[in-house]
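Enquirer: Here it is: the structure, laid out below.
The values are calculated or read from the model by the stated rules, or taken from the named source; none is laboratory data. Everything numeric in this text was worked out from a predicted model, so none of it was measured. Here Cβ is always computed from backbone atoms with ideal geometry, including for glycine, and neighbour counts include all displayed protein chains. With ligands, DNA and RNA removed, areas are computed over all heavy atoms of the protein, side chains included. Shrake-Rupley method; radii C 1.70, N 1.55, O 1.52, S 1.80 Å.
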Amino acid sequence: MGEETSEVVLLGNWASSYCTKVELALKVKGIPYKYVDEDLRNKSDSLLKYNPVHKKVPILLHKGRSICESQIILEYIDEIWDHSPKLLPEDPYQRAKVRFWANYFDQKIIPSSYRIFQSRGEERKKAAEEMEEILVVFEEGVKEGFNEKFHFFNGETLGLLDIVVAATSCTYEAFQEACEIEVFTPEKMPKFFIWVNNLKEHPLVKETLPPHEKLVAKLKSIIGT
Ligand SMILES: N[C@@H](CCC(=O)N[C@@H](CS)C(=O)NCC(=O)O)C(=O)O
């Protein structure tokens, strides 16, 4: 990437849910941006320059300055472009709860999916049961936040937790197909299941999620099946 003239640039990777989160936040806020897809096996000079600490995407460049770590980027977007729709609730207690459950995704849910990737046979079944328990705890924890009409956590527009869930969970069919395992079902977590499937129909989510077949192939190549 040469000298960057766009005000907002996202360095991302198409298969990364962390990057999908940032793209969704920019779209919900209506912020024009330039997207640069990174090859993570051959990281660009820009990636290494703008995230020298973790050397990971997403990286948001705003007026030439970099912001790293998806959760931090989401909050930055909400603060800099502080017009409606707000990604975080106004009420500090609700805001703390949204942050808590968004963090639960990074700390518990995503690592539990990696354990499924890394295991086989009986071990994978056990990892799937563990993930199921972790997802049920999430559903239990957020259920009072569901909006009965839209089943979006924040109401009619996508809020921060909707964005986290959309980016990471709406691709569950690709994940399950690649791992040949069923974790996410309406029987086990009915409200969470409806929420995710409603999010899948949202126009911004539809246009931003990676194509199913391409993602299945990518996940299979990572798992080595
Ligand atoms: N905690 C980071 C995680 C980002 C992350 O893991 N990015 C992956 C892509 S999904 C990456 O850039 N990996 C490159 C590497 O590990 O070398 C965030 O929330 O932004």
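Enquirer: In this structure, does PRO186 turn out to be farther than 22 Å from TYR18 by Cβ and in a loop (DSSP other than H, G, I, E, B)?
Expert: Values: farther than 22 Å from TYR18 by Cβ: yes; in a loop (DSSP other than H, G, I, E, B): yes.
Against the criterion (farther than 22 Å from TYR18 by Cβ and in a loop (DSSP other than H, G, I, E, B)), PRO186 qualifies.
Enquirer: Among residues belonging to the range 61-74 that are open to solvent by less than 50 Å² (accessible area, probe 1.4 Å) and part of a helix (DSSP H, G or I), point out the one that is nearest to the ligand (Cβ to nearest atom).
Expert: For the range 61-74, the residue satisfying everything is SER70.
Enquirer: Quickly run through the range 24-40 and pick out the residues that are open to solvent by 40 Å² or more (accessible area, probe 1.4 Å), within 22 Å of GLY64 (Cβ to Cβ) and within 16 Å of the ligand (Cβ to nearest atom).
Expert: TYR35, ASP37 - these are the residues of the range 24-40 that are open to solvent by 40 Å² or more (accessible area, probe 1.4 Å), within 22 Å of GLY64 (Cβ to Cβ) and within 16 Å of the ligand (Cβ to nearest atom).
A quick yes/no check of all residues on (1) open to solvent by less than 40 Å² (accessible area, probe 1.4 Å); (2) among the charged types (D, E, K, R); (3) within 16 Å of the ligand (Cβ to nearest atom); (4) over 30 Å from VAL8 (Cα atoms):
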{"site": "ASN42", "(1), (2), (3), (4)": "no, no, yes, no"}
{"site": "LEU48", "(1), (2), (3), (4)": "no, no, yes, no"}
{"site": "ASN51", "(1), (2), (3), (4)": "yes, no, yes, no"}
{"site": "ILE59", "(1), (2), (3), (4)": "yes, no, yes, no"}
{"site": "ILE77", "(1), (2), (3), (4)": "yes, no, yes, no"}
{"site": "GLN94", "(1), (2), (3), (4)": "no, no, no, no"}
{"site": "ARG99", "(1), (2), (3), (4)": "no, yes, yes, no"}
{"site": "SER113", "(1), (2), (3), (4)": "yes, no, yes, yes"}
{"site": "PHE117", "(1), (2), (3), (4)": "yes, no, yes, yes"}
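Enquirer: Between a first residue in the range 170-199 that is farther than 23 Å from ALA217 by Cβ and a second residue that is surrounded by 19 or more Cβ atoms within 10 Å (Cβ to Cβ) and modelled with pLDDT of 95 or more, which pairs have beta carbons less than 6 Å apart while being 6 or more apart in sequence or on different chains?
Expert: From residues that are farther than 23 Å from ALA217 by Cβ, the pairs are MET189/LEU135; LEU199/ALA166; LEU199/CYS170; LEU199/VAL205.
Enquirer: Continuing with the same structure: Going residue by residue through the range 4-23, is there one that turns out to be more than 11 Å from the ligand (Cβ to nearest atom), part of a strand (DSSP E or B) and either surrounded by fewer than 20 Cβ atoms within 10 Å (Cβ to Cβ) or at pLDDT below 95 (or both)?
Expert: Scanning the range 4-23 turns up at least one residue that is more than 11 Å from the ligand (Cβ to nearest atom), part of a strand (DSSP E or B) and either surrounded by fewer than 20 Cβ atoms within 10 Å (Cβ to Cβ) or at pLDDT below 95 (or both).
Enquirer: Considering each of ARG120, ARG41, ARG95, ARG65 in turn, give the residue that is at pLDDT below 95 and either in contact with a Leu (Cβ under 6 Å, 6 or more places away or on another chain) or not assigned by TED's automatic domain parsing to the domain that holds TYR172 (or both).
Expert: Criteria check complete, one pass: ARG95.
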